[in-house]
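Shown next, in structure tokens, is the structure this report addresses.
The values are calculated or read from the model by the stated rules, or taken from the named source; none is laboratory data. A quick note: this is a predicted structure, and the numbers were derived from the prediction, not measured. Counting neighbours? That spans all protein chains shown, and the Cβs are built from the backbone with ideal geometry, glycine included.
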Amino acid sequence: MSGPGEAGLDAARVAEVLVAGPPRRRGSGYRVGAGHVLTAAHVVAGTSAVRVRFDADRPGEWSAPARIVLSAAAADVALLELADVPTDRTGVEPPRYAAVPDADVVLPFSAMGFPRFKLRDSDSESSGEGGAGGTPGRYRDSCHVTGTVSVLSNRREGTLELAVAAPPADPEPHRSPWEGMSGALVWCGGAVIGLVSAHHRADGLGRLAAGRVERWYESLTAAESECLRRWAGLPSHTALGLADGIEGRRPAVGLAGLPSDLPLRELAELVDALTAVPALRGGNGMGLVLDSISDRIAANSPRDPRLRMDVYGIVRTCLRYPGTLDQLLEAVRLLEGPSPEVDRVDGAAARLARFRG
């Protein structure tokens with residue numbers, strides 16, 4: 001029998017949180033029950049006028065005003081209660097929540113939200129940027145982010161470090177291109193393990209921070225925990241399990257900090273290890289891997305029918321887009337599964353990280 005949230009991230013439940021009035025903030029969230037949305041507390045701080053929108057400019061678009069029923073600043077978690085939920089939008093089960101261990105592992109994750117760099121121009125006046133009203137002709141599209149979680153980073157802050165593909169441009173130095181992504185739930189193994197809380201400029205454009213679910217309990221009062229249990233499905237601390245697929249997972253390293261101009265000789269061991277992976281030697285293997293990571297890699301890599309040259313070109317292209325080499329290696333691990341060849345790839349990646357660390 002299926003439990004709550006076993007399907008994982010559902011795009012129809014991803015919420016765009018629109019805050020009226022100065023400074024006309026906007027954030028992301030997720031519908032965790034028939035009438036409730038989970039988001040970040042700082043997104044809705046200092047306001048009572050909030051509107052939540054789903055599936056903007058899609059056939060199933062709907063929106064509703066929302067009331068803040070919980071704002072736990074210490075955990076940076078807020079719960080919104082929706083008004084006027086359509087009758088055909090009921091029956092929503094809460095997601096499953098899970099912890100990640102304090103261990104030497106790097107895990108895959110996904111999240112979906114509405115960051116500022118996804119601003120688009122449009123001829124339509126139905127959607128606007130800039131709060132609950134907005135300016136005609138501009139809108140934010142959704143951003144489905146995938147990458148890896150470095151579990152042991154940010155221990156003092158108590159957050160997860162998310163390695164992601166950096167936005168293609170940063171035209172406003174005084175504003176983060178990730179602005180608006182706060183409040184997006186972070187998923188791993190079909191469960192919620194965190195909530196996007198910040199983009200620290202010093203970490204670069206390819207890093208986000210997310211509050212860890214297991215750390216919420218340290219900051220929430222008994223009344224706040226009960227509110228989240230009742231309306232968002234958050235289990236008790238003792239009932240919180242680990243995300244699926246974590247037990248027995250091989251340690252991995254993050255390579256997002258490698259320079260983009262690494263000499264070919266330093267990449268040789270990693271390229272040789274990747275070339276030996278059986279899944280990449282088949283006709284469709286490399287295509288499947290490229291389809292699962294940032295589309296900028298396939299678009300900008302000098303492809304070559306010779307596998308080793310092809311891998312060199314793809315790896316060099318990944319170095320130009322921080323976070324995508326980690327995505328590439330994680331896709332290889334998932335596609336190939338546990339094998340001596342994948343162990344060799346992990347060993348080569350670890351040695352490269354140590355050499356350049």
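Structural remarks
- Residues that are within 20 Å of VAL196 (Cα to Cα), among the charged types (D, E, K, R), modelled with pLDDT of 90 or more and in contact with a Pro (Cβ under 8 Å, 6 or more places away or on another chain) do occur in the range 92-109, at least one of them.
- Condition check for VAL151: at pLDDT 90 or above and under 25 Å from LEU258 (Cα atoms): no
- Condition check for VAL192 on (1) touching a Gly at 6+ places or on another chain (Cβ under 6 Å); (2) crowded, with 24+ Cβ neighbours inside 10 Å: one failure, at (1).
- Single residue of the range 78-116 satisfying the filter (over 20 Å from ASP244 (Cα atoms) and touching an Asp or Glu at 6+ places or on another chain (Cβ under 8 Å)) that is surrounded by the fewest Cβ atoms within 10 Å (Cβ to Cβ): ARG116
- When the range 312-357 is limited to residues that are among the hydroxyl-bearing types (Ser, Thr, Tyr) and either modelled with pLDDT of 90 or more or under 24 Å from the mean Cα position of the chain (by Cα) (or both), the one that is nearest to MET286 (Cα to Cα) turns out to be TYR312.
- Picking from residues in the range 251-271 that are touching a helix residue (DSSP H, G or I) at 6+ places or on another chain (Cβ under 6 Å) and not hydrophobic (A, V, I, L, M, F, W, C), the one that is modelled with the highest pLDDT is GLU269.
- Scanning the range 1-23 for residues that are at pLDDT 75 or above and not in a strand (DSSP E or B) yields GLY8, LEU9, ASP10, ALA11, ALA12, ARG13, ALA20.
- Test: LEU274 is closer than 21 Å to ASP343 by Cα and either at pLDDT below 90 or of a type in the set (Asp, Glu) (or both): no
Okay, residues lined up against (1) at pLDDT below 95; (2) farther than 21 Å from LEU79 by Cα:
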position	(1), (2)
LEU205	yes, yes
VAL213	no, no
TRP216	no, no
LEU228	no, no
SER236	yes, no
LEU240	yes, no
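- Single residue of the range 36-49 satisfying the filter (surrounded by 19 or more Cβ atoms within 10 Å (Cβ to Cβ) and in contact (Cβ under 8 Å) with a residue 40 or more places away in the chain) that is farthest from LEU195 (Cα to Cα): HIS36
- Residues of the range 316-341 classified as outside any helix (DSSP H, G or I) and in contact with a helix residue (DSSP H, G or I) (Cβ under 7 Å, 6 or more places away or on another chain), total: 1
- Of all residues in the range 251-291 being small (Gly, Ala, Ser) and without any contact (Cβ under 8 Å) to a residue 40 or more places away in the chain, the one that is surrounded by the fewest Cβ atoms within 10 Å (Cβ to Cβ): GLY283
- Among the residues of the range 300-311, those identified as part of a helix (DSSP H, G or I), surrounded by fewer than 21 Cβ atoms within 10 Å (Cβ to Cβ) and modelled with pLDDT of 85 or more are LEU307, ARG308, MET309, ASP310.
- A residue that is over 27 Å from ASP203 (Cβ atoms) and assigned to a helix (DSSP H, G or I) can be found somewhere in the range 288-296.
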